[in-house]
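> Okay, handing you the structure first.
The values are calculated or read from the model by the stated rules, or taken from the named source; none is laboratory data. Model, not experiment: these values are computed from the prediction. Positions of Cβ are generated from backbone atoms using ideal geometry, with glycine treated the same way; all protein chains shown enter the neighbour counts.
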Amino acid sequence: MNKIVIGIFAHPDDESFGTGGSLALYKKQGIPTYVITATDGVLGGEDKNIVQVRKEELNKASKILQLSGHYELGFADGSLSNNMYQKVLSKLVAQVKEIVGSEPGEVTFITFDRTGITGHLDHIAMSMITTYLYQHLDKLVPSIAKAQLHYFCLSKEQRPKSDKTYFVYCPCGCDEDEIDISLDVSSVLDIKKRAILAHASQNPKAILASGDKLLATEHFIIYKDDK
């Protein structure tokens, strides 16, 4: 059975700042990796050409990560509210179907945890929409024979307390007993760092400032059926 990884995120840069190491590691293991980005990142700077800038940065990062494909859903940054939910889901389902094709396969979906990592509402929306997709795969994408959903999260070591300097509520990291997977991405850390730097308009040095020790591990919570 063919295995693939599909990362589903809100903005250009989420794939690199968050899970760049995991995507590179899966690629190194011979597993095709794909990224779906929901919004255009238009709120990510004052440059009148910021959408094009961020598109080019995403293209560059995708090449560094050697993604098998990356796709943009084309929604406006900051627009992922309740009234957009079904529109986003519809486009997401169509994109996933295009990626997986008609042959039965095994898919690992990756998205941010349900806090959105930073509390950003676009992040939270994509986490929830991806969760809905996963819960209804048998009807929405029946060609997927087996799947898992991994929520990317930060540990308490990576973010010991809420970041009160952020523009929305930014929660602290997860306790050790909440984390199911801790991936050592040190073997691909150089690739991850180069992918982060590709997003030059988004202050990548602030991400790198956390240091190699914290960047070299990526944590995930495995989705379990809601009770």
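> Being touching a helix residue (DSSP H, G or I) at 6+ places or on another chain (Cβ under 6 Å) and either surrounded by fewer than 24 Cβ atoms within 10 Å (Cβ to Cβ) or not in a strand (DSSP E or B) (or both) is the filter here; which residues of region 7-17 pass it?
Those that are touching a helix residue (DSSP H, G or I) at 6+ places or on another chain (Cβ under 6 Å) and either surrounded by fewer than 24 Cβ atoms within 10 Å (Cβ to Cβ) or not in a strand (DSSP E or B) (or both): 10, 12, 13, 16, 17.
> Anything in region 197-227 that is among the small types (Gly, Ala, Ser) and in a helix (DSSP H, G or I)? List them, or say none.
198, 200, 201, 206
> Another question about this same structure. Out of (1) closer than 30 Å to residue 84 by Cα; (2) loosely packed, with under 13 Cβ neighbours inside 10 Å; (3) in contact (Cβ under 8 Å) with a residue 24 or more places away in the chain; (4) under 19 Å from the mean Cα position of the chain (by Cα), what's the single condition that is false for residue 184?
So residue 184 meets the others, but not (1).
> Only one residue in 208, 137, 215 is surrounded by 18 or more Cβ atoms within 10 Å (Cβ to Cβ), at pLDDT 95 or above and either among the acidic types (Asp, Glu) or closer than 13 Å to residue 20 by Cα (or both). Which one?
Checking each option against the conditions leaves just 215.
> Say we look at region 156-186 and pick out the residues that are out of contact with any helix residue (DSSP H, G or I) (no Cβ under 8 Å at 6 or more places or on another chain) and among the hydrophobic types (A, V, I, L, M, F, W, C); which of these is modelled with the lowest pLDDT?
Restricting to residues being out of contact with any helix residue (DSSP H, G or I) (no Cβ under 8 Å at 6 or more places or on another chain) and among the hydrophobic types (A, V, I, L, M, F, W, C), the top hit is 167.
> Tally up the residues in region 99-156 that are of a type in the set (Val, Ile, Thr) and closer than 26 Å to residue 173 by Cα, please.
Residues that pass the stated criteria total 10.
> Hey, any hits in region 67-88 for a residue that's at pLDDT 95 or above, part of a helix (DSSP H, G or I), surrounded by 15 or more Cβ atoms within 10 Å (Cβ to Cβ) and not small (Gly, Ala, Ser)?
yes
> Given the criteria farther than 20 Å from residue 113 by Cβ, more than 15 Å from the chain's Cα centre (by Cα) and crowded, with 20+ Cβ neighbours inside 10 Å, does residue 30 qualify?
no
> Taking the residues in region 18-63 that are in a loop (DSSP other than H, G, I, E, B) and of a type in the set (Asp, Glu) as candidates, determine which candidate is modelled with the highest pLDDT.
Among those residues, the one meeting the criterion is 40.
> Evaluate the following for residue 197: is it touching a residue at least 24 places away in the same chain (Cβ under 8 Å) and surrounded by 12 or more Cβ atoms within 10 Å (Cβ to Cβ)?
no
> Could you say which residue among 105, 7, 101 is at negative phi and modelled with pLDDT under 95?
Answer to the check: 105.
> All but one of (1) assigned to a loop (DSSP other than H, G, I, E, B); (2) of a type in the set (Lys, Arg); (3) under 19 Å from the mean Cα position of the chain (by Cα) hold for residue 193, so report the exception by its number.
(1)
> Taking only pairs six or more apart or across chains, which ones have beta-carbon atoms under 9 Å, a first residue in region 42-70 that is under 18 Å from residue 203 (Cα atoms), and a second residue that is hydrophobic (A, V, I, L, M, F, W, C) and assigned to a loop (DSSP other than H, G, I, E, B)?
Cβ pairs passing all conditions: 42/76; 43/76; 50/42; 50/43; 51/42; 54/42; 61/67.
> Can you tell me which residue among 189, 149 is modelled with pLDDT of 95 or more, surrounded by 15 or more Cβ atoms within 10 Å (Cβ to Cβ) and closer than 23 Å to residue 4 by Cβ?
Just one listed residue meets the conditions, 149.
> Let me ask something else about it. Which condition from (1) crowded, with 22+ Cβ neighbours inside 10 Å; (2) among the acidic types (Asp, Glu); (3) free of Cβ contacts under 8 Å to residues at least 60 places away in the same chain is the one that residue 122 breaks?
Result: residue 122 fails condition (3) only.
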